[in-house]
1. Based on the Cβ-Cβ distance from Arg131 to Ala153, what FRET efficiency comes out when R0 is 45 Å, to the nearest 0.05?
2. Taking 0.36 nm per residue of sequence separation and subtracting the Cα-Cα distance, how much length would be gained by fully extending the chain between Ala102 and Ala81, in nm to one decimal?
3. Tell me, Ser162, Ser103, Ser13 in order of fewest to most beta-carbon neighbours within 10 Å?
4. Mind putting a number on the dipole of the chain about its Cα centre? Charges go on the C-beta only, +1 for Lys and Arg and -1 for Asp and Glu, and I need it in Debye to the nearest 20.
5. If you rank Ser112, Ser118 by fewest surrounding Cβ atoms within 10 Å, what's the result?
6. Extending each Cα 7 Å along its Cβ direction at Thr170 and Asp88, get the distance between those two points in nm, one decimal.
7. Can you show me the helix-derived [θ] at 222 nm for the chain, built from DSSP H runs with n ≥ 4 at -39,500 (n - 2.57) apiece and divided by the number of residues, rounded to the nearest 500.
8. Limiting things to C-alpha atoms, what are the Rg and the maximum Cα-Cα separation (Dmax) for the chain, in angstroms?
Amino acid sequence: MSDAPFALPADASLAARLLAAFDADGKIARGLAALGPIEGRDVVLLDADRGLRGGQLAALGARLTLVERPDRVDALRAAAADVAGVTDVRTGTADATGLPDASADVVVTCWSAFRGPSPIGQVAESDRILRPEGRLLVVHDYGRDDHVRMEPAIADDTVAWSRRDGWFLTHGFRIRVIHTFWTFADGDEALELLGAAFGGRGALVADDLPRPRASHNVAVYHRTRGGVGPSPTDRPVEGASRGSRGASGRPVRDHR
C-alpha cells in the first residue's frame, strides 16, 4: 500500500476521489525528492501499489523501478505502462527485491514495509541494492493529527516509531515530519469522503472541522546506506507554530 495509508473502497470512482483529496498539494512527493534527492537518479519504490506515488516521483525526475508482490504486479504494469520515467516493473518484496547489488541511488517505501519491531532484514536488503551514499526513505504516519482520531488503532505504532528511543532513531534514521492535509471542496464532501474511508469516526471528525480540510501528519524516516547510531539533536518541525504539541503533550519535533 504505497498510494495511501488507509484502505480504499472497492468503488473505483470513490477511491479516486479519496486519493485526490489526500495530500492534494503533493507535499509527500516533494519531501521525498528533497531528502533523496531523486532527480536524475535510479529510484526503487517498494510495494508500489497502483503506481500513484511512483508517478509523482517520476514526474519529479526519478528513473524509477517499481517493485510489487506477485499477485499485484500485472495490474501495476498496466497502470505504469504510459508513465514516463518508469524504467522497470518487477516482482519482489522489501525483504527480497531481486535487484542487483548496488543498483539504486534511492529506495523508497510508503506505509507498507518496515513495520515490525525490528525490520533489520529489510534494511539489509535495501543497503544491499543501494550504492555507496545511497538513501533509504521510509514513509509512515506520524499521528498527532485528525487522522489518528479517525483511526486510533495506529496511535501506538506511530508514537513508538517516532520516539527517541524507538527502533528507527536508534538505528541510524532521522525523521522529517511533513504536515499534509485532506482537502475538500466543502463540508459535505468532507463528510462523504471521510465517512467512506473511516466510517463513523470519519463522519464525527468531518462534523467537527472548522474548515473543509483534515490534518494528516506524515513521518519520513531517512538514512544514508549503512547509517548507524541515534539521530542527533532535534529541531522544530518546519511550518509548525512555536510551542505546538503532540498527543503526548511534548513539543512536536523534526529529528534530522
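1. On the way: r = 38 Å, r/R0 = 0.83.
Using R0 = 45 Å, I get an efficiency of 0.75.
2. Details: separation 21, 0.36 × 21 = 7.56 nm, distance 2.56 nm.
Length gained between Ala102 and Ala81: 5.0 nm.
3. Numbers: Ser162 25, Ser103 15, Ser13 8.
Ranking Ser162, Ser103, Ser13 by Cβ neighbours within 10 Å, fewest first, gives Ser13, Ser103, Ser162.
4. Computed charge dipole of the chain: roughly 1000 debye.
5. Values: Ser112 19, Ser118 9.
Ranked by crowding around the Cβ, least crowded first: Ser118, Ser112.
6. Once both label points are built, they end up 3.6 nm from each other.
7. Numbers: 8 runs with 80 residues, N = 256.
It lands at -9000 deg cm²/dmol.
8. Values for the chain (Cα only, Rg and Dmax): 17.8, 51 Å.
Just so you know, all these numbers are worked out from the coordinates, no wet-lab data involved. Source: prediction; values computed, not measured. Quick reminder, even Gly has a Cβ in these numbers, built from the backbone with ideal geometry, and neighbours come from all protein chains shown.
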